[in-house]
Amino acid sequence: MSETFTVVVNGVQRSIDADPSTALLWALRDAWGLTGTRFGCGAGSCGACTVWVDGVPTHSCDTPLWSVAGKDVTTVEGLTEQGPHPVQEALIAHQAGQCGYCLSGIVMRSAAAVDEARAAGKPLAEDDVRQCLDGHLCRCGAHNRIVRAIVEASEG
Amino acid sequence: MSSPSLSANPLLSTWLDFDTPGRVTAHMGKSELGQGVDTVMVQVVADTLGVDAARIDIKAPDTATGPDENFTAGSLSVPHSGTALLLAAANARQLFLAAAREHLGNSDVTLEDGTFRSADGSINYWDLNVDTHVEIDADIPLPPSSGTIGSSLSRIDLEAKITGQPSYLSDVRLPNMAYGRVIRPAFRGAVGVDINREEFLQRPGVVDVVVDGAFLAVIADTEIVAIETAAELGTTAEWRGEPSDLTDDGVCGFLTTVETDETLLAEGEGVHVEAATHSAQYSRPFIAHASIGPATALAHFDGTVLEVWSHTQGVYPLRRDLARALNMDEADVRVRHFQGAGCYGHNPADDAAFDAAYLALRVPNRPVHVTWTREDELGWGPFGPAMVVYISAATDDDGRITAWSWDGFGNGHSSRPSTLPTPSLLGYSHLSNKPAIPPSGDPPLAAGAGTGRNSIPGYDIPSVRALAHRALEMPVRASAMRSLGAHMNVFAIESHIDDLARQHGIDPLEYRLEHSSDPRARAVIETVAAQAGWGTPVAEDRGRGIGYARYKGLGAWCAVVAEVEAIEEVRVTGLWIAVDCGRVINPDGVENQIEGGALQSLSWTLKERVRFSNGVVTSNTWEDYPIVTFCEVPPVHTTIIDRPEEKWLGAGEASMGPTAAAIGNAIADALGVRVRDLPITSDAIVAAMGD
Ligand code: FES
Ligand code: FES
């Protein structure tokens, strides 16, 4: 049965009539036109769809709408609103990607970690970044560049 | 200079246009697959025309406007398209320069960022009136390079992707667009399906439910309704037919006993097993493309013309197969390339294009957007073929190899659109009374072969025999995947070479050099050995191995050293790579491709295997088809040997075989155990210890 859900996405109130179990990913992409969040698996196994829910990196593909009603969601578009995040700048500088399909999810995961590291004045080590991204898949083999870029971004 | 792309599309105006003031448009026939080819073409055109790279626009392949360059495959984009655009730009520059001289009344003309200057004034490309409907002269002298070729220009498309802008076909939204989802049969062998169509048609937002044979699909007003309806159709559908009974465990036996056709690739005497110093069998399973983004397509039918957007590797061949499958005139079908997630060969992009096209014909004047599920992407796409390889080698008393025989069994490495007797589009094969997809074929040796790609060792061996046995039945659909047979063959050959070196107590590096008179082979082998500290001791529980090949025997030279640690599990701790792909257009791009190829090969070699039984591919989730993760990826050190005077060669596939081989040899060095059947999992190592 359809219900109306309201979510604050990148600071803007959005609503949708949908089944409560509908994944946040499809509300973002289909109803609200925010296609920067990518579909990879729909099962929480690849990381491509990562967004922030109340600031916490979350797979939007297995997050049902009922669980985010009234919450704050940030997508890659929101993160980039005021210009690229330091993580994005570093990824661009390192040319860290090939097809780039995995990257918006990786940006959202690592931006949270980098923000925290910079606030604490504790840059991330390579291993920290690898651990942080271990749930993210990249088929093109851009891993090492991505890791180097994020380490650099965390150094501030 | 020559390029088949040019012979097929000889007119300058096909390749370049100057229609927009201040801009140059280069028309591509090869697709950007995530490999960075568009950026490389920008460099070639900018450098040769004498304009800034920022002025060049790339027009993606399009059967309505662009050249026919067949497929984007075989590491041939740079040799084919790059050469065609180089010559097109050189011709354009000469024509415009002549016109500029005439206009300026002066022979002393300089060119900077598209503007020709003399003492008397200046004029640019766009203000000159030059007829570009002329044939390209392939023997034209090339203008001096400004250095754009050879520089690491940043990718023209990457920033948009990193900042989450609409970049992929899945992100395209058109007015009044409908969304299609196809529900694949529960098993291979299904011929029909029973569903309660009427009930689904009544649901809000459902536009149509399409049933034809074993093809079942829904078209809906929104993507959410399409997804949810497809899921329910999937759980309620009852499929009719007989599942096939083959399992992946039985594949080696199947491929070596089923009917085959033979192609002799090297005609030497070779050596019979009984006379051989060393004989062994090697194998690999079917491998999935496993792109991070599932296949997508978009189609629109206006009542006459069908327009299809696809992340295909070949817009023209796809158009031919769509026209055949849909019984339409080719002239009424237009196929346009639009980027998708990373593509490493013939993946389901073309199948998705058929799905969208077929559904668009049901709802004229409405664009239909189709996206596959993850499960279908891993379960129903074409797979990289399983292979079984036998190698026998004879040596003299000093260990010198005197004769070599290779026999390779497997399905052909291409069922690409328009290359088979009937269409090779999955959805078409599921329609009622349509033929199954015929067994895949193999490219000829001159094009690098398929099963037999890199089957002839790149060493000095007096007598080599190589015989490919192409299986005429497919357990699951097989087609082209990055490097085709080279991954398996280089792994097998280089494992065999290492075994022979050890049998004769010769260092594997020395042994390779003793058999290599090709200076460019020696250069990559010696370079990588120096980089990796070959000969220095390795820690306990560690091993080091080397692998080498010249891709296809015609392409880039590449050598890899791997270091592994084998304690409880095998972990690759480092890869060193040396590559010679001739003249380098974009060093950073080459490094990115070589490293990416090596890491993908590492993943195939250690982890990947398509599993199936009773007509069902069970490895259809990331849990059941794991690929390499961030924590498993080792540091990679790549050295490019640039040869500015030589021809440019592709780099996308060169590292696949040598990486697999280096890892296998490093594991053998660490454990004293030779694993010959991929993937080299812990279980495979334990099994090999018992041999
Ligand atoms: S799409 Fe959400 S984790 Fe893969
Ligand atoms: S860059 Fe293609 S999947 Fe990561």
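The values are calculated or read from the model by the stated rules, or taken from the named source; none is laboratory data. Keep in mind it's a predicted model, so treat the numbers as computed, not measured. Positions of Cβ are generated from backbone atoms using ideal geometry, with glycine treated the same way; all protein chains shown enter the neighbour counts.
Looking only at segment A:132-154, residues that are away from ligand 2 (no atom under 14 Å from the Cβ), within 11 Å of chain B (Cβ to nearest Cβ) and over 18 Å from the mean Cα position of the chain (by Cα) come to 1 in all.
Listed by position, the strands (runs of 3 or more DSSP E) enclosed by segment B:36-119 that each have at least 1 residues that are out of contact with any Asp or Glu (no Cβ under 7 Å at 6 or more places or on another chain), surrounded by 18 or more Cβ atoms within 10 Å (Cβ to Cβ) and of a type in the set (Val, Ile, Thr) are B:56-59. In the condition set (1) within 6 Å of ligand 1 (Cβ to nearest atom); (2) surrounded by 20 or more Cβ atoms within 10 Å (Cβ to Cβ); (3) more than 17 Å from B:ASP171 (Cβ to Cβ), A:GLY44 is compliant with all but (2).
Here B:TYR282 does not fit the description of being within 30 Å of B:ALA466 (Cα to Cα) and either without any contact (Cβ under 8 Å) to a residue 40 or more places away in the chain or within 14 Å of chain A (Cβ to nearest Cβ) (or both). I'm trying to understand the selection: among the residues of segment B:397-412, which are surrounded by fewer than 24 Cβ atoms within 10 Å (Cβ to Cβ) and either of a type in the set (S, T, N, Q) or closer than 18 Å to B:PRO508 by Cβ (or both)? The answer is B:ASP398, B:GLY399, B:ARG400, B:THR402.
Of everything in segment B:120-133 that is within 44 Å of the chain's Cα centre (by Cα) and not in a loop (DSSP other than H, G, I, E, B), the residue that is farthest from B:ALA53 (Cα to Cα) is B:ILE123.
Between A:VAL56, A:VAL12, A:VAL7, the distinction of being at pLDDT 95 or above and either of a type in the set (Gly, Ala, Ser) or surrounded by 15 or more Cβ atoms within 10 Å (Cβ to Cβ) (or both) belongs to A:VAL7 only. Just wondering, is there one or more residues in segment A:72-79 that are loosely packed, with under 15 Cβ neighbours inside 10 Å and within 16 Å of ligand 1 (Cβ to nearest atom)? Looking for residues that are loosely packed, with under 15 Cβ neighbours inside 10 Å and within 16 Å of ligand 1 (Cβ to nearest atom), one finds none in segment A:72-79, hence no. Checking each residue in segment A:52-67 for being more than 10 Å from ligand 1 (Cβ to nearest atom) and in contact with a Leu (Cβ under 9 Å, 6 or more places away or on another chain) picks out A:TRP52, A:VAL53, A:PRO64, A:LEU65, A:SER67. Name every residue in segment B:214-235 that is within 32 Å of the chain's Cα centre (by Cα) and among the small types (Gly, Ala, Ser), in order of residue number. Within segment B:214-235, B:ALA214, B:ALA217, B:ALA226, B:ALA230, B:ALA231, B:GLY234 qualify.
Residues checked against (1) surrounded by fewer than 17 Cβ atoms within 10 Å (Cβ to Cβ); (2) under 13 Å from B:THR659 (Cβ atoms); (3) in contact with a Gly (Cβ under 7 Å, 6 or more places away or on another chain):
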{"residue": "B:VAL617", "(1), (2), (3)": "no, no, yes"}
{"residue": "B:GLU632", "(1), (2), (3)": "no, no, no"}
{"residue": "B:PRO635", "(1), (2), (3)": "yes, no, yes"}
{"residue": "B:ILE640", "(1), (2), (3)": "no, no, no"}
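Evaluating B:PRO626 against the criteria (1) over 18 Å from B:GLU375 (Cα atoms); (2) within 10 Å of chain A (Cβ to nearest Cβ) leaves one unmet condition, (1). Considering only residues in segment A:91-131 that are at the interface with chain B (Cβ under 8 Å from one of its Cβ atoms) and assigned to a helix (DSSP H, G or I), the one that is nearest to ligand 1 (Cβ to nearest atom) turns out to be A:SER104.
Among the residues making up segment B:587-622, a single one is in a loop (DSSP other than H, G, I, E, B), within 20 Å of the chain's Cα centre (by Cα) and either facing chain A (nearest Cβ under 10 Å) or within 16 Å of ligand 2 (Cβ to nearest atom) (or both): B:GLU608. Just to be sure, is A:CYS140 over 21 Å from A:THR58 (Cα atoms) and touching a Phe, Trp or Tyr at 6+ places or on another chain (Cβ under 9 Å)? For A:CYS140, the condition - over 21 Å from A:THR58 (Cα atoms) and touching a Phe, Trp or Tyr at 6+ places or on another chain (Cβ under 9 Å) - is met.
When A:PRO123, A:PRO86 are screened for being in contact (Cβ under 8 Å) with a residue 40 or more places away in the chain and either more than 19 Å from B:ILE292 (Cβ to Cβ) or in contact with a strand residue (DSSP E or B) (Cβ under 7 Å, 6 or more places away or on another chain) (or both), only A:PRO86 passes. B:ILE140 falls short on exactly one of the conditions (1) more than 14 Å from chain A (Cβ to nearest Cβ); (2) part of a strand (DSSP E or B); (3) in contact (Cβ under 8 Å) with a residue 24 or more places away in the chain, and that condition is (2). Go through the residues of segment B:99-111 one by one and say whether even a single one is away from chain A (no Cβ under 14 Å), at pLDDT 95 or above and under 30 Å from B:ASP245 (Cα atoms). No, segment B:99-111 has no match at all. For B:ILE567, the conditions (1) over 23 Å from the mean Cα position of the chain (by Cα); (2) touching a residue at least 60 places away in the same chain (Cβ under 8 Å) are fulfilled apart from (2).
Listed by position, the strands (runs of 3 or more DSSP E) contained in segment A:1-74 that have at least 1 residues being touching a residue at least 40 places away in the same chain (Cβ under 8 Å), of a type in the set (Gly, Ala, Ser) and within 14 Å of chain B (Cβ to nearest Cβ) are A:12-18.
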